[in-house]
Amino acid sequence: MIPERLTAAEWLARPEVQTIFAVLEGDAGRTRAVGGIVRDSLIGASRDGADIDMATELLPVAVMQKAKAAGIATYPTGIEHGTVTLRLGATSVEVTTLRQDVRTDGRHAEVVFGSDWAADAARRDFTINALYCHADGRLYDPLGGAGDLINGRVRFIGEAARRIAEDGLRVFRFFRFSASHGGEQFDAEGLAACQDAADDLDHISRERIGSEMMRMLGLPRIARTLGVMDQFGLVRIAPGAGEALLRYEALGGASPMARLALLGRESLETRQADWRLSNGAVSHAQNIADAAAMLRAGDVGWAAYRFGEDAVEGLAVAAAEEGWSRDRLAETARDLGRLPVAPLPVNGSDLVARGMKAGPEMGAALAILERAWVESGFLLDKDALLDRIFH
Ligand code: ATP
Ligand code: MG
């Protein structure tokens, strides 16, 4: 059962949150928390450090003025659509003035500010995302989102096709929330509308898609959902990767970078462009994929030496890709954990001290030393290593 009041939520009891509510006339019902924080607190699934969003009847300038007067730091992070970020102590809250769309062209919404809570709810995407919480923990649920939440139903607000025509990103959000809150079951109307719209989403910003996808790749269960998205042409999955993704989550993995590696090493570059991924993210995923390839080949020492911590993620990826038995996984994990991995204790100047000149010869010598080092299990000391070259 969904409670009518949020009492146990850690964030709600925080003095900083209560101060912000008080400053923004939350007691009079003019400001309420909304979105993910409310939804996830209701089902006991909110994560530490989750974003806190609030909706308010107060105009953005009033939010800024009142907050400043109370000594709360203010940042006009999205002031043109009515969003101000407030920061008090370690708590930061995004406060957005109630708005109503007057015109949309599928990408940009022109907004006017309002004080109509039902209208604010109606312009959100899914009923489970239109749940509000008063300063005292009372729930405001104008669209029956709480019922849908317990039933795991990710239901568009209003007519799905029309809501997708307003903002095509909602197709990706439908899949993300069906994976996180719908047990990877899909509301029939929503699914049909997503399928109809799937060929016509080229105009959606890649950053927005990438951000939804990366959030999705960090969820516990997404393999089935990705399979459906693949059928609709919304995501490309390399042959064989579907089963690997299933095995990966059966092992309890939920790392977005490992998921990227599993989706296909060859396709990382196109995916970077499609989802506007950072170079850091792509090289992280690449390292995990490379570590996994070494582990599959039995080169545990090399994987650990070259990729350090990424080899641990590579382990789950390798196991998922090849369908390892629990025993093989446990054994390889043990080997990996036991290795006293350390950098090569010999460098170019050690070689120069022994009379070698910089150049191709030195490069070759260092490669031999590196191999001896890794293959010894990181046990040889400097002299023993140098003896391999200068005997
Ligand atoms: P999460 O816990 O994943 O952050 P969230 O519900 O907070 O989930 P956000 O993407 O942070 O999701 O968005 C905050 C809220 O803004 C949503 O709950 C929803 O009410 C509204 N929202 C966000 N994106 C859209 C959209 N494209 N169309 C309509 N409403 C949206
Ligand atoms: Mg959020």
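The values are calculated or read from the model by the stated rules, or taken from the named source; none is laboratory data. Fair warning: this is a prediction, and the values are worked out from it, not measured in the lab. Glycine gets a Cβ as well: all are built from the backbone with ideal geometry, and neighbour counts include every protein chain shown. Quick note on the areas: whole protein, heavy atoms, side chains included, nothing else; ligands and nucleic acids left out. Shrake-Rupley method; radii C 1.70, N 1.55, O 1.52, S 1.80 Å.
Would you check which residues across segment 1-34 are under 24 Å from Gly144 (Cβ atoms) and in contact with a Leu (Cβ under 8 Å, 6 or more places away or on another chain) and list them?
Selection gives Ile2, Pro3, Glu4, Arg5, Leu6, Leu12, Arg30, Thr31, Ala33, Val34.
If I ask for residues that are within 16 Å of ligand 2 (Cβ to nearest atom) and either touching a strand residue (DSSP E or B) at 6+ places or on another chain (Cβ under 8 Å) or open to solvent by 50 Å² or more (accessible area, probe 1.4 Å) (or both), which ones from segment 175-203 would you list? Steps first, please.
To start, the set of residues in segment 175-203 that are within 16 Å of ligand 2 (Cβ to nearest atom) comprises 176-177, 179-181.
Matches in segment 175-203: Phe177 only.
Which residue, of Val352, Val317, is under 27 Å from the mean Cα position of the chain (by Cα) and either under 21 Å from Leu251 (Cα atoms) or assigned to a helix (DSSP H, G or I) (or both)? Quick ask: steps written out before the conclusion?
Details: Val352 fails: under 27 Å from the mean Cα position of the chain (by Cα).
Only one candidate passes the filter, namely Val317.
Please determine whether any residue of segment 54-75 is of a type outside the set (Ser, Thr, Tyr) and within 16 Å of ligand 1 (Cβ to nearest atom).
Going residue by residue through segment 54-75, those that are of a type outside the set (Ser, Thr, Tyr) are 54-55, 57-73.
After this cut, where a residue has to be within 16 Å of ligand 1 (Cβ to nearest atom) as well, the list is 54-55.
Taking every residue of segment 54-75 in turn, at least one turns out to be of a type outside the set (Ser, Thr, Tyr) and within 16 Å of ligand 1 (Cβ to nearest atom).
Given the residues Arg354, Arg371, which is the only one that is within 20 Å of Val300 (Cβ to Cβ), modelled with pLDDT of 90 or more and either open to solvent by 60 Å² or more (accessible area, probe 1.4 Å) or not hydrophobic (A, V, I, L, M, F, W, C) (or both)? It would help to see each step written out before you state the result.
Numbers: Arg354 fails: within 20 Å of Val300 (Cβ to Cβ).
Among Arg354, Arg371, only Arg371 is within 20 Å of Val300 (Cβ to Cβ), modelled with pLDDT of 90 or more and either open to solvent by 60 Å² or more (accessible area, probe 1.4 Å) or not hydrophobic (A, V, I, L, M, F, W, C) (or both).
Need the failing condition index for Arg206 against (1) open to solvent by 40 Å² or more (accessible area, probe 1.4 Å); (2) touching a residue at least 12 places away in the same chain (Cβ under 8 Å); (3) more than 25 Å from Glu309 (Cβ to Cβ); (4) more than 17 Å from the chain's Cα centre (by Cα), just the number.
The single condition Arg206 does not satisfy is (4).
If you take the residues of segment 154-174 that are in a loop (DSSP other than H, G, I, E, B) and in contact with an Asp or Glu (Cβ under 6 Å, 6 or more places away or on another chain), which of them is nearest to ligand 2 (Cβ to nearest atom)?
Per the criteria, the residue is Val154.
Got a sec? Which strands (runs of 3 or more DSSP E) wholly within segment 1-88 have at least 3 residues that are at pLDDT below 95 and assigned by TED's automatic domain parsing to the domain that holds Ala122?
73-78
Can we say Glu159 is within 16 Å of ligand 1 (Cβ to nearest atom) and either open to solvent by 20 Å² or more (accessible area, probe 1.4 Å) or not hydrophobic (A, V, I, L, M, F, W, C) (or both)?
Details: within 16 Å of ligand 1 (Cβ to nearest atom): yes; either open to solvent by 20 Å² or more (accessible area, probe 1.4 Å) or not hydrophobic (A, V, I, L, M, F, W, C) (or both): yes.
Against the criterion (within 16 Å of ligand 1 (Cβ to nearest atom) and either open to solvent by 20 Å² or more (accessible area, probe 1.4 Å) or not hydrophobic (A, V, I, L, M, F, W, C) (or both)), Glu159 qualifies.
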